[in-house]
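A.B. asks: Mind having a look at this structure? Questions to follow.
The values are calculated or read from the model by the stated rules, or taken from the named source; none is laboratory data. Since this is a predicted model, take the numbers as computed values, not measurements. Reconstructed Cβ throughout: ideal geometry from the backbone, glycine too, with neighbour counts over all protein chains shown. Ligands, DNA and RNA are stripped out before the accessible areas are found, and what is left, the full protein with its side chains, is counted by its heavy atoms. Shrake-Rupley method; radii C 1.70, N 1.55, O 1.52, S 1.80 Å.
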Amino acid sequence: MKKGTRLEPPDGGWGILVCVGMAMPFVSGLAALPSFGLVFGDFLKSIGAETSAIAFITSAFFCAFSFAGLFSGSLFNRFGVRAIGLSGGILYFTGCLMQVFVRSTLDLLIAFSLIQGIGFGLIVPTSYTTFNNYFVKKRVMWMSFAQSLIGLGTMFYPVLMQKFLEWYGFRGCLAVLAAINFHAVLGMLLMQPVEWHMRRVPINEQEMFENTKPSQPVVTDNTQEDPNLLSPLTYSRKSSQKLSRENLRKLSSRSSSIASLGNWSGPVIVSDASPQMVNVLGSRRHSTAISNKSMPTSNNEERNDKQSVWQIIVDFLDLTLMKKPIYVNIVLGISFALYSDIAFFTLQPLYMFHLGYDKPDTASIIAIGAAADLGSRVFLAFLAMFIQMPSRYIYLAGAFFTVISRFVFLTVFDFKNMAIITAVMGFLRTWIHVPLPLVFAEYLPKDRFATGYGLFMFLQGNIMFIIGPAVGYLRDMTQDYVLTFHCLNFFMALCAIPWILEIIFVKFRRRTKIGAISESK
């Protein structure tokens, strides 16, 4: 039988270097905030800054991070993924280099929060988009590999910072840190387009015939919703592999630039969407078809122009997702949980200093927590090979048990027990960070994942920017770390409790519908 070839992503090869390149900036980006108080604590005290300054600086970092991530899609479309990632790496390195010369809180706010925040906000979507392009079949395995590299780096990060402070002093430590963060630029250089490394796979004559057949769009009925379709134009999976990203972008009236780049392999199928999203997609398609039939008249041109501008904004940000209560619950829950986690581990070194721990002991305990985090990543990867569990349940378990472990944390004071409970919280921390993108992937269809995740980044950053300074102000006014940690635990509970209520409500409603259907039969 005659055979030909088709192109597939490598699922390895250069993609391994992409994993390494993704880990380089993520190590410093994710480990910098927990070690922020360790590195800048004495400096901020010397200039008279309190806990509120740390909270405001870290919150502003995530605000800049979220805005950069929100607009990264249009930048990808205009300048290319690798170019934007390289720009983000340069900004990240520049902000770290500027910190060597900081003299005030404003200097630190500009260097760390603004410049580094924007740089990291461009690095993250670049890394995820490139990773998703390179890996399709072995995505979980290689993501676990990349996360293990990140966990390994974050484990040694606080110990190195402590040693650098002892060896080189505050300014010298920041200079060495800037040299380390230059690896963010090298990591982004590894984000080569997947088209450069596609592998050829042999196909038989039947597959060649199906690939050469012209793909005809399926015209949907404007008066009836079809739950089996997720876009106005549906193509076969095999023929969709022949489409270029440019053609796919032209064909899809809904997809944003991030979605088309992150979903290079073509349109989605029904199994890519959760049951809750199928109806909203159908309703959006129905409303779009109706609006296309309504041609604007000359008397209403100005009003239609305003509506079209608003529609562009709605489509670009995918604001219709905010009408879905489950999506809003996911976004709010994860945003509160992430803020609580990051703020907790940022304040933990200061709390330990308050209890009388010296810097070497504090750095050792933080490193123990990071080691437990690394072990949890490996454990979670092996667990996923044998047990299939929804990522949202894993996230919920992490949030729930974190609330319990933090109550225990506030009751221990000696080194041994402090190290044990920090290890437990570090182990649970993986359950909050690693499944995060998978929670959205399981709820959203592929063509809405990127815009839905970008909208989450934007909302998360602004939520952190709002509540972060408030918690820092509470700490400065009360001078009570225990009250502050209880407040952070409350935000973590805002993830666990509403999610549990939602699961109970959805299961009850589903069971009621099944019972009603069975009775009608």
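A.B. asks: Once you keep just the Cα pairs under 8 angstrom separated by 6 or more residues, what percentage relative contact order results for segment 325-459?
C.D. replies: Numbers: 98 pairs, mean separation 45.6, N = 135.
After rounding, I find 34 percent.
A.B. asks: Now for a different question. Report the accessible area of L160, computed with a 1.4 Å probe over the heavy atoms of all protein chains in place, in Å² rounded to the nearest 10.
C.D. replies: Result for L160: roughly 80 Å² accessible.
A.B. asks: Which value, in Å² rounded to 10, gives the accessible area of H486 with a 1.4 Å probe and all protein chains present?
C.D. replies: We get 80 Å² for H486.
A.B. asks: Once R0 is set to 25 Å, what does the formula 1/(1 + (r/R0)^6) return for the Cβ-Cβ distance between I387 and F353, expressed as a FRET efficiency to the nearest 0.05? Please report the intermediate quantities before stating the final value.
C.D. replies: Working: r = 41 Å, r/R0 = 1.63.
Computed FRET efficiency for I387 and F353: 0.05.
A.B. asks: Once amide H atoms are placed 1.01 Å from N in the peptide plane, what residues at a sequence separation of 5 or more from V136, or on another chain, have their amide H within under 5 Å of its amide H?
C.D. replies: Here the answer is D11, since their amide H atoms fall under 5 Å of that of V136.
A.B. asks: Right, something else. Are there any chymotrypsin sites (Phe, Trp or Tyr not before Pro) in segment 112-163 that are in a DSSP loop and have at most 15 other Cβ atoms within 10 Å? List them by number.
C.D. replies: Details: sites: F112, F120, Y128, F131, Y134, F135, W142, F145, F156; in loops: F135.
Taking segment 112-163 and a limit of 15 other Cβ atoms within 10 Å, no loop chymotrypsin sites (Phe, Trp or Tyr not before Pro) are found.
A.B. asks: Find the Cα radius of gyration of segment 313-520, compare it with 2.2 N^0.38 Å by division, and give the number to two decimals.
C.D. replies: Expressed relative to 2.2 N^0.38 Å, the Cα Rg reads 1.15.
A.B. asks: At R0 = 22 Å, how high is the FRET efficiency between F401 and E442 if r is their beta carbon distance? Nearest 0.05 is fine. Walk me through the numbers on the way to the answer.
C.D. replies: Numbers: r = 21 Å, r/R0 = 0.95.
Efficiency computed from Cβ-Cβ geometry: 0.60.
A.B. asks: Here's another thing I want to ask about it. At a 1.4 Å probe, what is the % contribution of carbon and sulfur to the accessible area of segment 313-520? Write down the numbers at each step before the final one.
C.D. replies: Numbers: 6780 of 9080 Å².
That share works out to 75 percent.
A.B. asks: Right, here's the next one. Can you work out the Karplus-derived ³J(HN,Hα) for every residue in segment 106-114? Use 6.51 cos²θ - 1.76 cosθ + 1.60 with θ = phi - 60°, whole Hz, and x for glycine or proline.
C.D. replies: Those phi angles translate into 5, 4, 5, 5, 6, 6, 7, 6, 7 Hz.
A.B. asks: Picking from I463, V434, Q479, whose Cα lies most toward the positive end of the charge dipole for segment 422-482 (charges on Cβ: Lys, Arg +1; Asp, Glu -1)?
C.D. replies: V434
A.B. asks: Determine ³J(HN,Hα), in whole Hz, for all residues of segment 359-374 in sequence, where each value follows from phi through the Karplus function 6.51 cos²θ - 1.76 cosθ + 1.60 and θ = phi - 60°; x replaces Gly and Pro.
C.D. replies: 3J(HN,Hα) across segment 359-374, in whole Hz: 5, x, 5, 5, 5, 5, 5, 5, 5, 5, x, 5, 5, 5, 4, 5.
A.B. asks: Amide H to amide H, which residues 5 or more places from R6 or on other chains are under 5 Å from it, using H placed in the peptide plane?
C.D. replies: Placed amide hydrogens put V201, I203 under 5 Å from R6.
A.B. asks: Between A83 and V201, what is the label-to-label distance in nm when each label sits 7 Å out along the Cα-to-Cβ direction?
C.D. replies: Simple spin-label model gives 3.1 nm for this pair.
A.B. asks: Given the Cα-Cα distance of Q311 and L189 and 0.36 nm per residue of separation, how much length would full extension add, in nm?
C.D. replies: Numbers: separation 122, 0.36 × 122 = 43.92 nm, distance 3.61 nm.
Extra length from Q311 to L189 when fully extended: 40.3 nm.
A.B. asks: If each of V482 and K137 carries a label point 7 Å out from its Cα toward its Cβ, how far apart are those two points in nm?
C.D. replies: Those two pseudo-labels are separated by 5.8 nm.
A.B. asks: Past 31 Å, Cα to Cα, is the threshold; run K137/K323; K45/K163; K323/K513; K45/K416 against it and keep the listed order. Could you put the intermediate results ahead of the total?
C.D. replies: Values: K137/K323 33 Å; K45/K163 20 Å; K323/K513 22 Å; K45/K416 28 Å.
Where the Cα-Cα span goes over 31 Å, the pairs concerned are K137/K323.
A.B. asks: Kindly write out, for segment 327-336 in residue order, the coupling ³J(HN,Hα) from the Karplus curve 6.51 cos²θ - 1.76 cosθ + 1.60 (θ = phi - 60°), rounded to whole Hz, with x marking Gly and Pro.
C.D. replies: 4, 4, 5, 5, 4, 5, x, 5, 4, 5
A.B. asks: Right, another one. Within segment 52-72, whose backbone N sits under 18 Å from a point 7 Å along Cα→Cβ of Y473?
C.D. replies: 52-61, 63
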